[in-house]
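The values are calculated or read from the model by the stated rules, or taken from the named source; none is laboratory data. Every value quoted in this text rests on a predicted model; they were computed, and no experiment measured them. Here the Cβ positions follow ideal geometry from the backbone for every residue, glycine too, while neighbour counts run over all protein chains shown. What goes into the accessible areas is simple: the full protein's heavy atoms, side chains included, and nothing from ligands, DNA or RNA. Shrake-Rupley method; radii C 1.70, N 1.55, O 1.52, S 1.80 Å.
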Amino acid sequence: MIRDAEPVDVPVIHAMVRELAEYEKVPHEARATPEQLREALFGERPAAFAHIAETDDGEVVGFSVWFLNFSTWRGVHGIYLEDLYVRPGARGGGYGRALLAELARICVRRGYGRLEWSVLRWNAPTIAFYEALGARPQDEWSVYRLTDGALARLGG
């Protein structure tokens, strides 16, 4: 049901990234190309990793993309889950839980201290799903982001 992504999965991962952006009401922000995803996931020095959720007959119904982070306080790596997506017709089938469980297994096996991600505040069904698994919001922290012009000005 859950497997490591392979280069042949890039087109379907790209399509699901677009679907996720539509669901999150920001399709214009999903600018990654299949070539960029292929390089990030399977290039000479992969910067991210992915898993695929599929049905018993091999239909791809979901994915996760993640990368390593590091806690100076704990002194060990963790996983940051960039995207978790299950196609609407497959929701409720255990695929999202299975994708998260695979990442938790990787954390436990490798001695990582955290599995973290972000969720939109308006996404009540997803928040309820995460909290049912035992995840808790980190309300004392705010996420900040530099992109586009602000990033170019600071870095230029």
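Some observations on this one:
- Surface accessible to a 1.4 Å probe, per residue, for the residues of segment 6-117, Å²: 58 Å²
- Computed from the C-beta positions of Arg105 and Val26, the FRET efficiency with R₀ = 25 Å rounds to 0.20.
- The chain, dipole about Cα centre (Lys/Arg Cβ +1, Asp/Glu Cβ -1), debye to the nearest 20: 560 debye
- Among the trypsin sites (Lys or Arg not before Pro) in segment 1-93, those placed in a DSSP loop whose Cβ has at most 12 other Cβ atoms within 10 Å are Lys25, Arg31, Arg74.
- Placing a label point 7 Å from the Cα of Glu6 along the Cα-to-Cβ line, the residues of segment 46-85 whose backbone N sits under 18 Å from it are 49-64.
- Sparsely packed GluC sites (Glu not before Pro) within segment 1-103, loop by DSSP, other Cβ within 10 Å at most 13: Glu44, Glu59
- Mean Cβ neighbour count within 10 Å, used as a protection proxy, ranking 107-116, 142-151 highest first: 107-116, 142-151
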